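Everything on this sheet refers to the single structure shown next.
The values are calculated or read from the model by the stated rules, or taken from the named source; none is laboratory data. All values reported here derive from a predicted model rather than from experimental measurement. Positions of Cβ are backbone-derived with ideal geometry, glycine not excepted, and every protein chain shown enters the neighbour counts.
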Amino acid sequence: MLVTALAAVASSGAMAATAQDLGKVEQAAPAQKLTVTLALNLRDRDAATRYLQEAHSPASPNYHKFLTPAEFRARFAPSDATVARVSTRLQAAGLSVKRIGSALLQVSGPAATVQKAFGAEVHVFQNKTTAQAGVSRYIAPVRAGTPSVDLSDVQAVIGLDSRPHFRPHLRQLPSHLQPAAGKASGTVTGGNAPGQWTVTDLARYYNITPLYNQGIHGKGATIGIVTLASFTPADAFQYWSQIGLNTDPNRLSVVNIDSGPGAPSDDAGSDETTLDVEQSGGIAPDAKIIVYQAPNTTQGFVDAFAQAIESNTADTLSVSWGEWEWFDQQAQAANPVNGQTSNVLQAYHDLFLQAALQGQTMFAAAGDAGAYDVNRAAPLPQYSKVLSVDSPANQQFITAAGATTVPSTLTFHPNGKAMQVKIPRERAWGWDYLNGLCQALGKDPVACGTFPVGGGGGVSGFISRPFYQYWVPGMQSTPAGQQLVDNSQNPPQVIASVPANFKGRNVPDISMNGDPETGYVVYYTSSKTGFSVLSNNGGTSFVAPQLAGITALLNQSMGGRLGLLNFSLYGLLATGHAYHGHGHHGAPLREITAGDNWGYNAHRGYNQATGVGVPDVANLDAALHRYFWF
């Protein structure tokens, strides 16, 4: 059945396959209450989108007149009458109701009452083997019925499934792909070898350093990290101190959402949160940082975004967790609540629209499975290859962060023989450049672990192309014939299909170095082995927080919030200023024309492997002053 197939290919599939059904929640856990998040429809999405364009158009009288949460709620959120109507129905059914966002309600009550209200039978499951993402027990619906409450004003019911299924977009280098220690070359002047980079190396390579020389370190800006695992704050402070940064010991605060994700844990992905804080805060050492950390559930993710956006404290937000967009599109399969009441993609859309209207600049890691995002959760050869993209990077009102490989010469010793792999210029990150190494090891790319590893990119099959991409050369639609097939079944079973020729959102938008072969060190306290300095870390999970840190610098330089960065990136492209300098300033962006992400080739202009290319931050700052700030 579809629910079973979905669970099998989701990142929590191993848990679902080995879990014991303990029965209904009210029987297996009599004292447990259930809490769900309801997303209501915005009053006028079209009007909100029109204002968003005005707020990002230099010629408009509303340019950079960003809204407060109260102003957004008054103009575009569900009316007070709608909220009251929904609340009255739920309270009459015996449930408590609290408004937690402009269009979100938190609803809780006894398990039996919640199930009756939303027409779902929910069971408790116990994982019989190793806990997945640090969780051994969870709830999930097993069948749908008829809700006892009128849900006509509700567009999503989120929270009846607590399986952890989002993945951090961090890649660590397998030992057989590890280059010889100390042999990597191609380093920037005075810096570390690729694979050992810190934010200082990144700052030199992408020309951030001139901003530091002007006294711009992110003062007055606040960076928000939305994450699904906790971390050890001392790791970040030690990292910053070790590379010579003087930081405020009180710069970092943590907000636990839905009681938080629990103690730091390798299994839960605490290394992801750690690197997010180290990278963003290292690039902008004077900025404040708020970590919004939630349980690894769809509800936790939505509620964390809601808190970060509704509080409106963070000027820029970064997230490095995600999943194949089809899982969100088909959420009703895993959460069988009547009809279309479970599609979380629309909830993300509305939240991120509010953030953009408030001037908050959001970044999401585009994934690390190249052009085949689903095949990180659905491995070959059991499942077919599917050109696919990650959520929430697929959303219109967030900047999708892709990844590149920087120039270097890597030395390997397959079977005891020296082999050099030369990367002469920055290229799209795709590990096909390691095919020769894999051949020397006697492995094909799948067995070698190199396919489909690379920077996430492609075309959404479910999110329409945003207006800022309408006239951009190089945009593509979804190809035909993209079906996820379980080849272990007899006959093979089609699990999911991506619509053909859909004019979808193209990702990524912009990229930077994210290949573990040329990647970074992370200072990390493992829950299993204690503290260590880990080298050769990469993934688009580095690029998203790095861009958030860069935006904190740009905010200080500009004297205010940038808003959705995509308007500026594609505006530079459309006006011919992206790859050409002005005066004594060089080009703000640099095209990446080499390499691929296994499915899409890098080439001049926009491409689905690297987006608009990579930034020259000092030149980008100058271009923003010249073209987008009056």
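For Gln299, the conditions (1) surrounded by fewer than 22 Cβ atoms within 10 Å (Cβ to Cβ); (2) of a type in the set (S, T, N, Q); (3) more than 29 Å from Asn536 (Cα to Cα) all hold with the exception of (1).
For the range 564-598, residues that are touching a strand residue (DSSP E or B) at 6+ places or on another chain (Cβ under 9 Å) and surrounded by 22 or more Cβ atoms within 10 Å (Cβ to Cβ) total 14. Of all residues in the range 58-86, those satisfying the criterion of being within 19 Å of Arg561 (Cβ to Cβ), in a loop (DSSP other than H, G, I, E, B) and touching a residue at least 24 places away in the same chain (Cβ under 8 Å) are Pro58, Tyr63, His64, Phe66, Leu67, Thr68. Listed by position, the strands (runs of 3 or more DSSP E) enclosed by the range 365-467 that each have at least 2 residues that are within 30 Å of Ala48 (Cα to Cα) are 399-405, 458-464.
Within the range 239-265, the set of residues being closer than 22 Å to Thr540 by Cα and outside any loop (DSSP other than H, G, I, E, B) comprises Tyr239, Trp240. Within the range 565-585, the set of residues being assigned to a strand (DSSP E or B) and closer than 17 Å to Ile550 by Cβ comprises His585 only.
Yes or no, residue by residue, for (1) under 30 Å from the mean Cα position of the chain (by Cα); (2) at pLDDT 95 or above:
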| site | (1), (2) |
| --- | --- |
| Arg85 | no, yes |
| Thr88 | no, yes |
| Gln91 | no, yes |
| Leu95 | no, yes |
| Ser108 | yes, yes |
| Ala120 | yes, no |
| Pro141 | yes, no |
| Asp153 | yes, no |
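Residue count for the range 509-563, restricted to those that are in a loop (DSSP other than H, G, I, E, B) and touching a strand residue (DSSP E or B) at 6+ places or on another chain (Cβ under 6 Å): 6. Would you mind finding the one in Val255, Val344, Val319 that is of a type in the set (Val, Ile, Thr), touching a helix residue (DSSP H, G or I) at 6+ places or on another chain (Cβ under 7 Å) and modelled with pLDDT under 95? Only one candidate qualifies: Val344. Across the range 347-381, which residue is surrounded by the fewest Cβ atoms within 10 Å (Cβ to Cβ) among those that are of a type in the set (D, E, K, R), over 17 Å from Leu67 (Cα atoms) and at pLDDT 95 or above? Applying the filter and picking the extreme gives Asp368.
In this structure, does Ser384 turn out to be at pLDDT 95 or above, among the polar types (S, T, N, Q) and closer than 29 Å to Arg590 by Cα? In short, no. If you go through the range 413-437 and keep only what is buried (at least 21 other Cβ atoms within 10 Å of the Cβ) and among the basic types (Lys, Arg), you end up with just Arg427. Within the range 266-290, the set of residues being assigned to a strand (DSSP E or B) and surrounded by fewer than 24 Cβ atoms within 10 Å (Cβ to Cβ) comprises Lys288, Ile290.
Counting the residues of the range 56-77 that are within 19 Å of Ala103 (Cβ to Cβ) and among the small types (Gly, Ala, Ser) gives 3.
The residue of the range 397-411 that is surrounded by the fewest Cβ atoms within 10 Å (Cβ to Cβ), among those that are in contact with a strand residue (DSSP E or B) (Cβ under 6 Å, 6 or more places away or on another chain) and not β-branched (Val, Ile, Thr), is Pro407.
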